[in-house]
Amino acid sequence: MTLTLTVLGTASPHPGPDRPGSGHLLRGGGAEVWVDAGFGTFAELQRHTDPARLSAVWISHLHADHSADLLAAVYGLAYGGLTPPAPIPVHAPADCARRLAAFLGRPDAGFLGGVLDFRPLHDGQVVHHGGLTLTSTAVVHDVEAYGLRAACAGRVLAYSGDSGPCAALTGLARNADLFLCEADIAEHREGERVHLTPEDAGDTARRAGVRELLVTHVGPTLTPEAATARAASAFGGPTAAAREGRTYAV
């Protein structure tokens, strides 16, 4: 029943050498969930599990750096011999299936029904996969976007997805054992609150009373090291940078 997080990618807004886009493998309660499918993460996923074994896919929002590798998954699952025994639930914003079908030149996603089962996200949605409970919370971004709270056997992981500072994110992270949080920007542009600075991430962690902060999705104006140091100063608790290939016990 152990809850673990394996980091597949942390890059923003595009992948770099040995640094795919946002993506994670969440394991707990007998379930395996691919959380966000950024550029290059389907390949990294295969280092850690057979994609056909996935219990679900969960997508925070439809920006390409969090969802583009669903296309790679389609090719693998539908045409590449990685066929799952039953369609894999895909919890994602409502337009996900249509966009994927349109990219493939199809009028709808019905042709993928044998491998993927699209299930639209909504605020406050709670789903169960094995002993793992996933709760989605709408957060502030420039598109429909959700954070995730995952619970298993008394342990809690909170994940910001892409979010600006907001009360919903603090509530999502409340008393979490591990808070995986973006720290994308060095500073806010006037009037724009669609991402977090490292100080925002640390302050959210402090106000939410989380046990440990894991910084991810650091953009080109920062280094992961600098972002983590700044977030740690604002949080005042254990803080680390998420690293590709590492597995963290929650």
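Shape verdict for segment 73-125, please, from the Cα gyration tensor: rounded (a/c under 1.5), prolate (a/b greater than b/c) or oblate.
Numbers: a/c = 2.51, a/b = 1.32, b/c = 1.91.
Oblate, since a/c reaches 1.5 and b/c is not below a/b.
Shape analysis of the chain yields a ratio of the Cα radius of gyration to the Kirkwood radius, Rg/Rh, of 0.95.
Applying 1/(1 + (r/R0)^6) with R0 = 41 Å to the Cβ-Cβ distance of T83 and H14, what FRET efficiency is obtained, to the nearest 0.05? List each step's numbers first, then the result.
Numbers: r = 30 Å, r/R0 = 0.74.
So, using R0 = 41 Å, E works out to roughly 0.85.
Ignoring any ligand, DNA or RNA, what whole percent of the accessible area of the chain comes from carbon and sulfur when the probe is 1.4 angstrom? Spell out each step's value before the answer.
On the way: 5200 of 9900 Å².
The value for the chain is 53 percent carbon and sulfur by accessible area.
Under a Cβ-only charge scheme (Lys and Arg +1, Asp and Glu -1), can you give me the dipole magnitude of the chain about the Cα centre, in debye to the nearest 20?
Details: 19 positive and 26 negative charges, 128 e Å.
My answer is approximately 620 debye.
Among the protein heavy atoms, those of L8 account for about 0 Å² of accessible surface (1.4 Å probe, every chain in place). Extension gain for the segment A186 to D117, taken as residue separation times 0.36 nm less the Cα-Cα distance, is 21.0 nm to one decimal. Note on A229 and D108: their simple-model spin labels are 5.5 nm apart, each label 7 Å out from Cα toward Cβ. Spatially, segment 24-54 and segment 65-133 are offset by 13 Å when compared through their Cα centroids.
Going by the alpha-carbon gyration tensor, a ≥ b ≥ c the square roots of its eigenvalues, is segment 119-250 rounded (a/c under 1.5) or, if a/c is not under 1.5, prolate (a/b greater than b/c) versus oblate?
On the way: a/c = 1.78, a/b = 1.26, b/c = 1.41.
Cα axes put segment 119-250 in the oblate bin.
Indicate the gyration tensor shape class of segment 1-140 (rounded, prolate or oblate), computed on the Cα atoms with a ≥ b ≥ c the square roots of the eigenvalues: a/c under 1.5 is rounded; otherwise a/b larger than b/c is prolate and the rest oblate. Present the calculation step by step, with values, prior to reporting the outcome.
Working: a/c = 1.17, a/b = 1.09, b/c = 1.07.
Judged from the Cα gyration tensor, segment 1-140 comes out rounded (a/c under 1.5).
With a cut-off of 8 Å between alpha carbons and a minimum separation of six or more residues, what is the relative contact order of segment 99-250 in percent?
Details: 319 pairs, mean separation 23.8, N = 152.
Here the relative contact order equals 16 percent.
Residues whose amide H lies under 5 Å from that of I88, counting only those 5 or more places away or on a different chain, are L116, D117; hydrogens are built 1.01 Å from N in the peptide plane. Extension gain, R193-R243: 0.36 nm per intervening residue step, less the Cα-Cα distance, totals 15.4 nm.
The values are calculated or read from the model by the stated rules, or taken from the named source; none is laboratory data. Source: prediction; values computed, not measured. Methodologically, a virtual Cβ is constructed for each residue, glycine included, from the backbone with ideal geometry; neighbour enumeration extends over all protein chains shown. These accessible areas exclude ligands, DNA and RNA; they are computed on the full protein's heavy atoms, side chains included. Shrake-Rupley method; radii C 1.70, N 1.55, O 1.52, S 1.80 Å.
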